[in-house]
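What follows is a single structure, written as structure tokens, with notes after it.
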Amino acid sequence: MPHFIRFSGIATVALLAWSSGQAAALHALITDRDRAPMADTVLMLVPTDPSRDAAAAPQAAPQVMDQVKLQFNPQVMVIGKGGQVAFPNSDTVAHQVYSFSTPKRFSLGLYRGLPYAPVVFDQPGLVVLGCNIHDFMLGYVYVAESPYFGKSNERGEVHVADIPAGTYALKAWGPRFKEQEAQVLQQVTLRGDETLDVTLKLDRMLSPLRNPAAKPGKLRY
Amino acid sequence: MGAVSRSLCAGLLLLFTLHVPESHAAGPHEFTAQVDVRLIAADTPLKSFTDGGLGLLLFDESRDVVRLGPVMLDYSGPLTDTIRATVTAFANGDNDKNPIDLTEAVLEWRPVPVSQWRWRARLGAFYPAVSMENRGIGWQSIYSLSPSAINTWIGEEVRTIGGELNLTAAGAGVGRPFDIGAVIGVYGWNDPMGVVIQERGWAVHDRQTALFGRLPDINGLPAADGSFELFREIDGRMGYYAGLEFSWLDRVVARVLHYDNRGDPAQFDQEEYAWLSRFDSFGVRIELPGDWTVIAQRLEGDTAIGPSADGRGSHILDFWSDFLLVSKSIGRHRASARYEQFHTATARGAGFYDSHQSGDAWTLAYRFDLTDSWQLQVEALQIDSALRHRRLQGVQPDAVERSVQLVVRYSLTL
């Protein structure tokens with residue numbers, strides 16, 4: 001048995017090396033139960049072989065989640081493990097960004113502009129962001145457990161490129177999910193130099209989005 | 001190794017302390033100034049309660065003109081990272097005791113949540129969370145110029161001068177679609193509360209009583225010469241309130257509050273009795289798809305004055321009111337319609353003084369935020385009311401009063 005495992009490991013490494021020049025891509029359309037496109041949905045390809053999970057995300061430049069008109073913008077962001085996010089405040093009022101989610105607990109004292117260094121997210125999972133001044137402000141940083149991820153646009157489309165050939169679990173998470181963890185949708189096997197087109201219909205019940213702050217008018221109470 | 005990591009930690013901590021508070025806590029102080037010009041057309045057989053009459057409009061026909069509305073000055077800013085000070089002052093321009101006076105002055109403590117349990121504390125002079133409409137700076141309604149009869153009365157007679165503690169289980173951070181919270185408040189300096197609803201009954205307008213100001217010259221008030229101060233302590237007993245709030249995805253917000261000023265109706269301070277005033281308030285606000293908002297609120301209570309064998313007061317007035325508001329916003333525009341009913345009835349001591357009011361009101365309001373600073377509001381109001389003791393002034397108890405206000409408002413936040 002131990003011998004078999006070692007052999008399989010070598011085979012995978014060989015496969016990775018061989019397919020590195022022939023990466024696959026995934027093009028997905030995410031819809032709800034009524035086939036309406038779902039924007040702001042995080043999609044990840046997680047290798048089913050756990051030994052391949054170690055592949056680190058390439059160190060990307062810090063992402064930016066701005067605060068504009070008392071909202072996080074973008075409201076949903078997906079980054080790789082070890083990814084960095086800057087939280088500038090473009091409003092004239094001060095914000096106080098915090099999270100007590102298990103993957104990342106932090107708080108940025110009251111500020112305007114961009115006084116703080118980007119925040120590093122090194123544990124996978126969902127990080128829910130709030131503003132301690134404006135309780136209705138909500139943002140989400142999803143730290144993906146694999147380097148192959150994307151977020152759907154307004155048309156519900158996600159494109160993930162440079163995926164090594166192999167078998168993956170497709171996992172998704174969105175702010176309307178009742179769960180806080182990404183949910184496995186299905187398994188896909190990708191061959192090199194292939195773009196797989198999939199339509200992912202979420203059969204689950206989704207909760208409505210939170211109500212944004214009332215407009216017009218500056219709210220205090 | 002231990003020493004190195006300790007000094008590293010200490011160094012980082014020092015850097016952090018130097019880095020965070022000073023430079024950026026200084027920026028977020030917000031000053032707001034608001035002024036408006038009103039074109040007012042009133043149609044009423046009665047003199048306004050602000051002029052010693054028993055009409056329910058803020059402006060009667062004698063004020064059928066262009067006039068300057070209230071001027072508001074507001075400051076809100078952090079004293080520390082988690083303590084915020086807010087001070088609001090209004091100049092109503094109606095010969096109040098002080099030309100400009102405070103309506104609220106409060107310190108709020110908001111520790112940064114480290115779990116779903118969110119603590120809040122307020123200390124100072126402020127409004128308890130009763131209104132579902134008065135959500136803007138200066139506790140102004142964002143839906144109409146004049147809040148409902150219920151919240152007009154809160155603005156006239158109710159203020160917490162004391163402290164409040166709020167604990168909420170906030171769902172957003174843990175993937176639960178609802179929040180549930182509890183609030184308790186303890187306060188004093190609110191003993192004459194009840195005198196307005198007894199003497200004039202409910203009204204619909206946007207004048208808030210200032211902390212050191214006086215009530216308008218309502219007929220029957222003990223010191224209509226201007227020395228009657230509402231916010232003062234007579235019996236040395238603190239009052240309290242306790243409430244619950246439920247919120248689902250910020251789309252449905254429901255509140256209940258029980259309020260009791262624990263006044264001793266037998267106590268008299270040479271000028272005024274303490275009033276024993278209690279009420280229960282129920283409110284719900286629902287945000288519907290398409291930017292529709294529905295608000296419903298009910299408030300019922302009683303107020304008592306004068307010594308009695310059972311300590312409940314020699315004169316007891318029951319009061320209750322409810323309203324339904326529907327509002328629709330489209331971009332910078334908002335249109336709202338509200339219907340309300342209101343009543344008072346003397347439950348004890350009617351032979352001495354029979355206060356009795358029954359009425360309803362329609363409000364149609366339109367608001368347009370031209371820019372962040374300039375705003376246009378139009379409000380049409382019709383109040384149909386019967387107030388029994390209008391007879392004492394030689395006028396008919398029944399009256400239909402109408403007003404239209406066109407308001408151009410400028411507010412600047414620095």
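Nothing in this text is a laboratory measurement; each read-out follows from the coordinates by a stated rule. Predicted model, so just to flag it, every value in this text is computed and none were measured. Methodologically, a virtual Cβ is constructed for each residue, glycine included, from the backbone with ideal geometry; neighbour enumeration extends over all protein chains shown.
What to note about this one:
- Exercise: per-residue mean of other protein chain Cβ atoms within 10 Å, B:170-179: 5
- Each stretch of four or more DSSP H residues adds -39500 (n - 2.57); spread over every residue of the protein assembly as shown, this sum gives -2500 deg cm²/dmol at 222 nm.
- Counting all C-alpha pairs of chain B, share separated by more than 39 Å (%): 21 percent
- Note that the range B:278-349 shows a convex hull volume over its alpha carbon atoms of 83 Å³ per residue.
- One Cα centroid belongs to the range A:96-166, the other to the range B:57-97; the line between them spans 41 Å.
- Relative pair counts by distance (%), Cα atoms of the range A:65-221, 5 Å bins: 2, 8, 16, 19, 18, 15, 10, 6, 4, 2, 0, 0
- Spatial separation of Cα centroids for the range B:359-414 and the range B:119-196, in angstrom: 23 Å
- For residues of A:101-112, the mean tally of beta carbons on other chains within 10 Å: 4
- Test item: B:79-92 mean partner chain Cβ contacts at 10 Å: 1
- Three semi-axes of the equivalent ellipsoid, the range A:116-164, Cα gyration tensor, whole Å, largest first: 26, 16, 9
- Neighbour counts of C-beta atoms inside 10 Å place B:Ile137, B:Ile150, B:Ile286 in the sequence B:Ile286, B:Ile137, B:Ile150, starting with the fewest.
- Compactness index (Cα Rg / 2.2 N^0.38 Å), the range B:95-221: 1.22
- Per-q log10 I(q)/I(0), the range B:236-310, q = 0.13 Å⁻¹ (Debye; single scatterer per alpha-carbon; no solvent): -0.55
- Averaging 1/r over every pair of different alpha carbons in the protein assembly as shown and inverting the result gives a Kirkwood radius of 27.8 Å.
- When the charge dipole of the range B:29-413 is built from unit charges on Cβ atoms (+1 for Lys and Arg, -1 for Asp and Glu) and taken about the Cα centre, the candidate among B:Leu57, B:Ala242, B:Pro216 whose Cα reaches farthest toward its positive end is B:Ala242.
- Overall dimensions of the range A:56-145 as given by Cα atoms, namely Rg and Dmax in Å: 12.1, 38
- For the range A:56-145, the dipole from Cβ point charges (+1 on Lys and Arg, -1 on Asp and Glu) about the Cα centre works out to 80 debye, to the nearest 20.
- Amide H contacts of B:Thr44: B:Glu61, B:Arg402, each under 5 Å away and 5 or more positions distant or on a separate chain (H built 1.01 Å from N in the peptide plane; Pro and chain starts excluded).
- Rounded tilt (10° steps) of B:2-19 against the dominant C-alpha axis of chain B: 40 degrees
- Residues A:Lys218, B:Lys328 arranged by fewest to most Cβ contacts within 10 Å: B:Lys328, A:Lys218
- Taking other C-beta atoms within 10 Å as the exposure proxy, A:Tyr111, B:Tyr353, B:Tyr410 rank B:Tyr410, B:Tyr353, A:Tyr111 from fewest upward.
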